[in-house]
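Accompanying notes for the structure given below.
The values are calculated or read from the model by the stated rules, or taken from the named source; none is laboratory data. None of these values were measured; they are calculated from a predicted model. Note: ideal-geometry Cβ built from the backbone for every residue, glycine included; neighbour counts use all protein chains shown. Heavy atoms of the whole protein, side chains included, go into the accessibility calculation; ligands, DNA and RNA do not. Shrake-Rupley method; radii C 1.70, N 1.55, O 1.52, S 1.80 Å.
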Amino acid sequence: MKKQTKRKSRVPELTPLQQEIIASIRSGKSLMGEGGVLTSVIKGALEAVLEGELESHLSVEGDKRVYHAEPTLVPSHTNRRNGKSTKTMRSEHGTFELVTPRDRESSFDPQLVKKRQTVLTDELDSKILALFGLGMSYAENLRSREGYVCV
């Protein structure tokens, strides 16, 4: 009698993001353009990176706080988050509203999407999609972002 062996599946395991993209395509949602699957991926990645950049900016400034000699120990540096604003971004995959964080002193200068920038470069657009195509999560994209700032 022959010994039965289990066959390995040739279908690779998909990340939750990849499964979501496939489900969206199957439901008839377009890949590109306004409201497209890839446009929402790019939007989400950019917003996550901007939040991380502001968090880093505020933590670096927080380390530089100078305290008064008074017993109350009030920090002389009080920069903190100050809401969010939106701007319309254009890319080769469509337009979308990008939510950008702000700080109270307006000293935050984002590196990935500069102030007053409204067009994403094709190179940056492609690199973000390539990272997600490799199955990277938002957090992993944030960690690898340093080599990809090209704006």
Say we look at region 76-94 and pick out the residues that are open to solvent by 100 Å² or more (accessible area, probe 1.4 Å) and farther than 21 Å from Ser107 by Cα; which of these is modelled with the lowest pLDDT? Glu92
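Among Leu142, Leu54, Leu58, Leu73, which is at positive phi and either in a helix (DSSP H, G or I) or modelled with pLDDT under 85 (or both)?
Values: Leu142 fails: at positive phi; Leu54 fails: at positive phi; Leu58 fails: at positive phi.
Only one candidate passes the filter, namely Leu73.
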Go through Ser9, Ser40 for me and flag whichever is hydroxyl-bearing (Ser, Thr, Tyr) and either touching a Pro at 6+ places or on another chain (Cβ under 8 Å) or modelled with pLDDT under 80 (or both). Ser9
Identify, please: which residue in region 18-55 is more than 19 Å from Lys115 (Cβ to Cβ) and acidic (Asp, Glu) and is, among those, surrounded by the most Cβ atoms within 10 Å (Cβ to Cβ)? Glu20
May I ask you to list the residues in region 97-127 that are within 11 Å of Leu46 (Cα to Cα), among the hydrophobic types (A, V, I, L, M, F, W, C), outside any helix (DSSP H, G or I) and open to solvent by less than 40 Å² (accessible area, probe 1.4 Å)? Leu98, Leu112, Val113, Leu120
